[in-house]
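The values are calculated or read from the model by the stated rules, or taken from the named source; none is laboratory data. Keep in mind the model is a prediction, meaning the values are calculated, not measured. Cβ coordinates were reconstructed from backbone atoms using ideal geometry, including for glycine residues, and neighbour counts include every protein chain displayed. Just the protein is used for accessible areas: all its heavy atoms, side chains included, with ligands, DNA and RNA removed. Shrake-Rupley method; radii C 1.70, N 1.55, O 1.52, S 1.80 Å.
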Amino acid sequence: GDLGPFNPGLPVEVPVWLAINLKQRQKCRLIPPEWMDVGKLEEIRDQERKEDTFTPMPSPYYMELTKLLLNYASDNIPRADEIRTLVKDTWDTRMAKLRLSADSFVRQQEAHAKLDNLTLMEINTTGTFLTQALDHMYKLRTNLQPGESSHSQEF
Amino acid sequence: GFSFLQGSKLEIPLWLAKGLHDSKRRIISVELPKIYREAWRTVFSADANVVDLHKMGPYYYGLGSQLLNFENPENPEIAQTILQATDSVCSLQTFVARFRRIMDSSQNAYNEDTSVLVARLDELERALFHLGQKGLNDFQCWEKGQASQITASSLVQNYGKRKLAEVDG
């Protein structure tokens, strides 16, 4: 699409890839998103630790954005190190919650689960493991029905 | 060919047993390996995590599922169903009980030594464990920024080496 106009000193919204590129060429200063702030992230981290459910994150790409901005433009981000730690802590809490969820799901042998507010990054990290495990469980469970049609040929 | 006395006990491969098995003609009956029998089932229900499934298996789940194909013609059908069901339930419950540890250790980010745990997993569990590890490794790779680095394909690297050999030879 169209971008600009680029006037010196005036902030303009651009796609992330362009922002990073311009920054690397030292042609601009990056303005971090509103949520990339110590106070806000502390709130999110605390809520994540308190609640059993997943906190809606300010961006579905919070991990990716944090990594990019802190790697290429940490000089434009106040208290960058604290932000890095806060985001990592939140991620760790969410992953632990995900595993806890998965375990109780498996124990109760549920058929369906609904996990709101997960981001793709989280889903992809545990996803393959979880779907395979559930696959195996399904096969083991269908073995419970006696009869010739229920045995699994491949394992 | 060979002929066997009725009632003799033999060890044969699973595929052969399956082929010979016929509930109507009763050519063979299958004796459950001890890990699937009553005594071991008690151990599993006490704490499935302590069992070394690799030593006992290593295809505990796979073999367990296959064994359900064999009806023991001596038992009344109902009891047989229950036995099969109990076997399956045990396998499933075992899987469920051990799941947490496999998940946690495969996704543990601290590179702690997991070799002790893995040694006691059966093959199905090991495959799962490796999947969990892969998920974690991919994430860490991304985190370090390696995901966006272009590395030479091993194919190309070998090509270069071969070319040199041709020149020398």
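Structure summary
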read-out	value
Candidates A:Leu98, A:Leu134, A:Leu118, ranked by Gaussian network fluctuation over chain A, Cα under 10 Å, top entry	A:Leu134
Accessible area of the stretch A:1-116 divided out per residue, in Å², using a probe of 1.4 angstrom	64
Whole-Å semi-axes of the ellipsoid equivalent to the stretch A:6-77 (Cα gyration tensor, √5λ, descending)	28, 11, 11
Percent accessible area from carbon and sulfur atoms, chain A, protein chains only, probe 1.4 Å	50
Label-point gap, in nm, between A:Leu3 and A:Glu82 - each point 7 angstrom along Cα→Cβ	3.2
Theoretical FRET efficiency, 1/(1+(r/R0)^6), r = Cβ-Cβ of A:Gln47 and A:Gln132, R0 41 Å, to 0.05	0.85
Under 16 Å from the Cα of B:Lys18 - aspartates and glutamates, other chains or at least 8 residues apart	A:Glu148, A:Glu154, B:Glu31, B:Glu71
Accessible area buried, both sides summed, chains B and A with 1.4 Å probe, Å²	3100
Principal semi-axes in Å for chain A [√(5λ), Cα gyration tensor, largest first]	44, 19, 12
